[in-house]
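The values are calculated or read from the model by the stated rules, or taken from the named source; none is laboratory data. Remember, predicted model here, so these are calculated numbers, not experimental data. All Cβ positions, glycine included, derive from the backbone under ideal geometry; neighbour counts span all protein chains shown. What goes into the accessible areas is simple: the full protein's heavy atoms, side chains included, and nothing from ligands, DNA or RNA. Shrake-Rupley method; radii C 1.70, N 1.55, O 1.52, S 1.80 Å.
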Amino acid sequence: MRHIKRAVLALGVGVGMAAALAVPVCAAPDFPSKPVRIIAPSSAGGILDLTSRLVGEKLSRQLDIPVVIENMPGGGGIIGMQGMLNAAPDGHTLVMGSLGPNAANYSLYSKLPYKMEDFAPVISVISMPSVLVVNPALPVKDLATLQSYAKSKNGDIAMAISTMGASSHLIGEVLKRELDISAINVVYKGAAPAITDLVGGQVDFMVDNMITAKPMIEAGRLRALAVFSEARSPLMPDVPTVAELGYPQLAGGTWLGLFVSAKTAPDQVQRLNEELNKVLADPGVRQALIKQGGNPVGGTSQEFDRFVRSETERWREVIQAADIKVQ
């Protein structure tokens, strides 16, 4: 679990954005030469979609070309990944990747229609700590009382999982392991139905992205127990962190970043990285990403590549220990 902590710290510091901006442009001056497409492997309104549109709008103004966002939901992100790989590898089609399809899937699926080497990481966009929420009717106020409540039920409690293999699922497995508790996993097709059942009392607790859980927390329909970070979130300043509660090794969350086909010319990847670093350095974009519950990152494509590879190995350990399998 020390690896998880290091990953979050690495994302939070911004991974050398200033150095990346100092690199001179190498790509041909006519690139990009046509509209750019960003594939969001999710339905409209999800965090992948919202982040893609925010980045795409600024990139469009910056380059003075259209940037089109195309939603390709389904298959745990697999459909969106395939959609990008089926496009011409000319740097004009990107995909907004995340922990699930670009790290965890390699261990979750025995057969996957792509491999890590098919992608060229362009830039890390945002890191987002998760939040632990429970139904407020439960006699649970913090991690200690969740632990004692779960033990008193002998594992007869339910953890909602928005998507098999997503960061919320994997962090939930780490949480159960660290607290030494058992719970029944109830898998949903997205965060919305999972939260609906959590509010309704059909399940007991859930690890979720902060931005999707926040409205229900503010309305008093969910209770937040902890944020999976080392420093308190400005979005939930009254909610303690796992570090404060004695579990710094639980700090973690999800991340989003842009990829292109590995067949894309290196100078085109470099140009995209430079332009996207400018997008992420924009104060308006940064503030909007922070309001989504995350930390803008940026940095070089090489740094993002190293991070993705480390995440793949880190979550392989969790997936194997929990014996998580997706058919």
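Per the Kirkwood treatment, what hydrodynamic radius in Å, one decimal, follows for the range 80-144 from the mean inverse distance over all distinct Cα pairs?
One over the average 1/r among Cα pairs gives 15.1 Å for the range 80-144.
Note down the magnitude of the dipole of the chain about its Cα centre, charges +1 on Lys and Arg C-beta and -1 on Asp and Glu C-beta and zero elsewhere, to the nearest 20 debye.
On the way: 30 positive and 30 negative charges, 51 e Å.
Here the chain has a charge dipole of around 240 debye.
For the range 34-117, report the convex hull volume of the alpha-carbon atoms normalised per residue, in Å³, without decimals.
88
Based on the inverse mean of 1/r over its pairs of different Cα atoms, what is the Kirkwood hydrodynamic radius of the range 176-235, in Å?
Working: mean 1/r = 0.0780 Å⁻¹.
Value: 12.8 Å, from the Cα pair sum.
What value does the chain have for Rg/Rh, both radii from Cα atoms and Rh as Kirkwood defines it? Could the numbers behind the result be given before it?
On the way: Rg = 19.4 Å, Rh = 20.0 Å.
Reported Rg/Rh, Kirkwood definition of Rh: 0.97.
How much accessible area per residue does the range 202-300 have, counting only protein heavy atoms and a probe of 1.4 Å, in square angstrom? Kindly include the intermediate steps, with their values, before the conclusion.
Numbers: 3560 Å² over 99 residues.
Ligands and nucleic acids excluded, the result is 36 Å² per residue.
Taking the dipole about the Cα centre of the chain, with the C-beta of Lys and Arg at +1 and of Asp and Glu at -1, give me whichever of Ala321, Gly252, Met159 is farthest to the positive side.
Going by the Cα projections, it comes out as Met159.
What list of ³J(HN,Hα) values in whole Hz, one per residue of the range 93-103 in order, does the Karplus curve 6.51 cos²θ - 1.76 cosθ + 1.60 (θ = phi - 60°) give from phi, with Gly and Pro shown as x?
Working through the residues one at a time gives 10, 10, 10, 7, x, 7, 4, x, x, 10, 8 Hz.
Counting only Cα, what are the radius of gyration and maximum Cα-Cα distance Dmax of the range 86-195, in Å?
Rg, Dmax (Cα atoms, Å): 17.7, 58.
Under a GNM of the chain (C-alpha, springs under 10 Å), which listed residue has the highest mean-square fluctuation: Pro136, Pro121, Pro266?
Pro266
How much accessible area does Arg221 have with a 1.4 Å probe, in Å² rounded to the nearest 10?
120
Would you pull out the residues with amide H under 5 Å of Asn71's amide H, same chain only if 5 or more places away, H placed 1.01 Å from N?
Those lying under 5 Å, H to H, from Asn71 are Ala40.
Gap in Å between the Cα centre of the range 216-285 and the Cα centre of the range 168-200?
Here the two parts' Cα centres lie 20 Å apart.
Based on alpha-carbon atoms only, what is the radius of gyration of the range 227-327 relative to the globular estimate 2.2 N^0.38 Å? Before the final figure, lay out each step's value.
Values: Rg = 16.9 Å, N = 101, 2.2 N^0.38 = 12.7 Å.
Relative to the 2.2 N^0.38 Å estimate, the range 227-327 comes out at 1.33.
Any chance you could give the angle, 0 to 90 degrees and rounded to 10, that helix 2-12 forms with the longest Cα principal axis of the chain?
50
Among Lys111/Lys263; Lys176/Lys291; Lys115/Lys291; Lys189/Lys214; Lys111/Lys153; Lys141/Lys214, which pairs are too far apart, with a Cα-Cα distance over 26 Å?
Numbers: Lys111/Lys263 22 Å; Lys176/Lys291 29 Å; Lys115/Lys291 33 Å; Lys189/Lys214 19 Å; Lys111/Lys153 37 Å; Lys141/Lys214 17 Å.
The answer is Lys176/Lys291; Lys115/Lys291; Lys111/Lys153.
Antiparallel as a % of all DSSP beta bridges within the chain, to the nearest 5?
Details: 24 of 40 bridges.
For the chain, the DSSP antiparallel bridge percentage is about 60.
From zero up to wherever the largest Cα-Cα distance of the range 248-289 sits, split into 5 Å bins and tell me the percent of pairs in each.
That works out to 5, 16, 19, 19, 14, 14, 9, 3, 0, in percent per bin.
In what order, largest first, do Arg271, Arg37 sit by accessible area if the probe radius is 1.4 Å?
Descending accessible area places them as Arg37, Arg271.
Treating cross-link reach as a plain straight distance, find the lysines whose alpha-carbon is under 17 Å from the alpha-carbon of Lys34, omitting any fewer than eight places away in the same chain.
Within reach: Lys58.
How much accessible area per residue does the range 72-167 have, counting only protein heavy atoms and a probe of 1.4 Å, in square angstrom? Write out the running numbers ahead of the final one.
On the way: 3200 Å² over 96 residues.
On a per-residue basis, the range 72-167 sits at 33 Å².
Give the value in nm², to one decimal: projected area of the alpha carbon convex hull of the range 168-283, averaged over all directions. Mind showing how you got there, number by number?
Values: hull surface 40.5 nm².
Hull-based average projected area comes out at 10.1 nm².
Among DSSP bridges having both ends in the range 129-209, what percentage is antiparallel? Round to the nearest 5.
On the way: 5 of 11 bridges.
Of those bridges, close to 45 percent are antiparallel.
Please report the carbon-and-sulfur percent of the accessible area for the chain; probe 1.4 Å, protein heavy atoms only, DNA, RNA and ligands left out. Present the calculation step by step, with values, prior to reporting the outcome.
Details: 7180 of 13400 Å².
Ligands and nucleic acids excluded, carbon and sulfur reach 54 percent.
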